Amino acid sequence: MNPLDCLFKPRSVALVGASADEGRPGCVVFRNLRAFRGRFYPVNPHRTEIDGVPVYASVCDLPETVDLSVILRPAPEVPELLAAHAGKARCAAIVSAGFAETGSESLQREVVRLGRELGIRLLGPNCLGVFSPYQRLDTLFLPRERLKRPKKGNAAVVSQSGALLLCLLEALAFSGRGVSWGINYGNAADIDAADIYDYLAEERGTGVVISYLESVADGRRFVAAAERLAERKPLLILKAGKGESGQRAACSHTGRLAGKYEVFSSIMRQSGIREVSDFEELLDAGHALAVQRPSRGNRIGIVTNAGGLGVLAADECARHGIELPPLPEAVRQRLHENLPPFYSVANPIDLTGQVRDVEYLTALDSIRDEYDGFLVIAHTGVIGLSLRLAELLSAFRAVSGKPLVAHLTSGGITGGLAGRLEKAGIPVYPSPERAVRGLRLLLNNGEAPWG
């Protein structure tokens, strides 16, 4: 049993600060936790029940030692409330703000001291806690009608910032993608990114980890944990606080110094840990790595029926150092024999607006052995394309064993086709540039650490 199972897979949860007042976060979290699969104990000294659920006056009155206690009370009350958890909780998520991030370092130190003295692991303070659709565990204090939650999936989202966690979860939800965990650790007074990475490295339900990071307290420990995780699963890190003003903002956000970005970035490269440049790339790369594994190379082939979009994709390849080699003469000859003479057999291959479904497969089969990954671009409004294209592309990917991503234009049969491609494990992106950036993380230049 992992010591952090009490946080990630609790069998029992207490909510200190449960409320019946719809205007309070304690009411939102109470309603979210009612769906929790385990035992749930609301705590409020002024209530005996909320919506028919029995409420306990104190954690001292709980009928068992809970795995996780969620504390949602003003910061000055937290030390006394935490002290009452002696023998009653294994882990506590302190949602409350008003600690080191506001200059109250002594209050945060007192909470950490109490946690260590009582043997209680602490998440936070100043955090949103944990979201898991598998456990039906949801400590986020935003109601579901205000924040769409993602479905079950294999991507874990780890964020030092609560707001960034919410943005990532909502973006994943609206794109129809799922998560295994959503974790915000806030000030990281005790449990930090390294602890979470170590846990996720062993956790079977997680296939890829996307992480937003502002600061690190123990650099050596963080790098060691990130390396261990990256040896087993894709780990993508978006580091904020790159410039001087960003570092100041990071410090005021969590109360921790961000450190010199150039040093951090250099260490990440030396350790083989993939760093992404922005929020969009974090989502796009995570999308690709959640369903496919990298190819050992850097050469891609593009097949399109919209020449201009192929050119945009080629430009993006050049910006990222992705190779787009021309077709060998033997391949060009084979394509000329099997496709109409007015199709452009270069790289990108332009099948024009007169394309038929099967011609995408003809083109891809012809270049299968020439490239390490493939980008398919389809304008879905043309009459020769149908939902069968998804079946053909899926069959090609299964045979080739190489990365394949797609960009579909809006309209036409795009909705249905995109759904089928995603179900088949082929990521669909809203622009050719984003498709290239997603594919880029599936091209590791012979250094794929995840097999």
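Throughout, read-outs are computed from the coordinates displayed, never taken from laboratory work. Source: prediction; values computed, not measured. With ideal geometry, Cβ positions are generated from the backbone for all residues, glycine too; neighbour counts draw on all protein chains shown.
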* **For the range 97-153, fraction of C-alpha pairs farther apart than 19 Å, in %** => 48 percent
* Structure fact -> Which of Lys9/Lys239; Lys233/Lys423; Lys148/Lys233; Lys151/Lys233; Lys148/Lys242; Lys233/Lys402 exceed 24 Å between C-alpha atoms? The answer is Lys9/Lys239; Lys148/Lys233; Lys148/Lys242
* **Under the Debye formula (equal points on every Cα, no solvent term), log10 I(q)/I(0) of the range 296-437 at q = 0.14, 0.21 Å⁻¹** => -0.56, -1.41
* Structure fact -> Karplus-derived 3J(HN,Hα) from phi for the range 397-407 (6.51 cos²θ - 1.76 cosθ + 1.60, θ = phi - 60°), whole Hz, x at Gly and Pro, runs 5, 5, 6, 6, x, 10, x, 9, 10, 9, 10
* Which angle from 0 to 90°, rounded to the nearest 10, does the C-alpha axis of helix 307-319 make with the longest principal axis of the chain? -> 60 degrees
* Structure fact -> Counted neighbours (other Cβ, 10 Å), sorted fewest up, put Ser12, Ser211 in the order Ser12, Ser211
* **Cβ-based charge dipole, the range 148-291, positive-most Cα from Leu165, Ala188, Ser271** => Leu165
* Structure fact -> The Kirkwood hydrodynamic radius of the range 362-451, taken as the inverse of the mean 1/r over all distinct Cα pairs, in Å, comes to 13.6 Å
* Structure fact -> So, with points 7 Å from each Cα along the Cβ direction, the Val112-Glu323 label distance in nm works out to 4.9 nm
* To do: Would you calculate the separation in nanometres between label points at Val358 and Glu391, each defined as 7 Å from the Cα along the Cα-to-beta-carbon direction?
  => 1.2 nm
* Describe numerically, in nm with one decimal, the distance between label points set 7 Å from Cα along Cα→Cβ at Lys423 and at His46. => 5.1 nm
* Let me have the relative contact order for the chain, percent, based on Cα pairs under 8 Å that are six or more residues apart. => 11 percent
* When the convex hull of the C-alpha atoms of the range 1-104 is computed, what volume per residue in Å³ does it have? -> 110 Å³
* Asked: Rounded to the nearest 5, what is the percent of antiparallel bridges among the DSSP beta bridges in the range 294-440?
  -> 10 percent
* Considering only the chain, percent of DSSP beta bridges that pair antiparallel, nearest 5 -> 15 percent
* Structure fact -> HN-Hα couplings for the range 12-26 via Karplus (6.51, -1.76, 1.60; θ = phi - 60°), in whole Hz with x for Gly/Pro, come out as 8, 9, 10, 10, 8, x, 4, 9, 9, 7, 4, x, 10, x, x
* What are the residues whose amide H is under 5 Å from the amide H of Val55, where those residues sit 5 or more places off or on another chain and H is modelled from the backbone? -> Glu49, Ile50
* Structure fact -> Treating only Lys and Arg (+1) and Asp and Glu (-1) as charged, each at its beta carbon, one finds that the range 258-341 has a dipole about its Cα centre, in Debye to the nearest 20, of 360 debye
* For helix 244-254, what angle does its Cα long axis make with the longest principal axis of the chain, in degrees from 0 to 90 and rounded to 10? -> 50 degrees
* Asked: Mean residue ellipticity at 222 nm from the helices of the chain, using -39,500 (n - 2.57) per DSSP H segment of n ≥ 4 over the full residue count, to the nearest 500 deg cm²/dmol?
  -> -11500 deg cm²/dmol
* Only Lys, Arg, Asp and Glu count, each charged at its Cβ (+1, +1, -1, -1), so figure out the dipole size of the chain about its Cα centre, rounded to 20 debye. => 720 debye
* Work out from phi, with θ = phi - 60° and the Karplus expression 6.51 cos²θ - 1.76 cosθ + 1.60, the ³J(HN,Hα) of each residue of the range 165-181, listed in order in whole Hz, and give x for Gly and Pro. => 4, 4, 5, 5, 4, 5, 4, 5, 5, 5, 8, x, 9, x, 9, 8, 8
* Structure fact -> Long-range alpha-carbon pairs in the chain, meaning those over 40 Å apart, account in percent for 29 percent
* Considering the dipole of the range 254-377 built from charges on the beta carbon (Lys and Arg +1, Asp and Glu -1) around the Cα centre, which of Ala306, His336, Gly286 is farthest to its positive end? -> Gly286
* **Interchain or long-range residues, amide H under 5 Å from Leu443's placed H** => Ser295
* Name the residues whose placed amide hydrogens come within less than 5 Å of the amide hydrogen of Gly153, ignoring near sequence neighbours (fewer than 5 apart) on the same chain. => Val179, Ser180
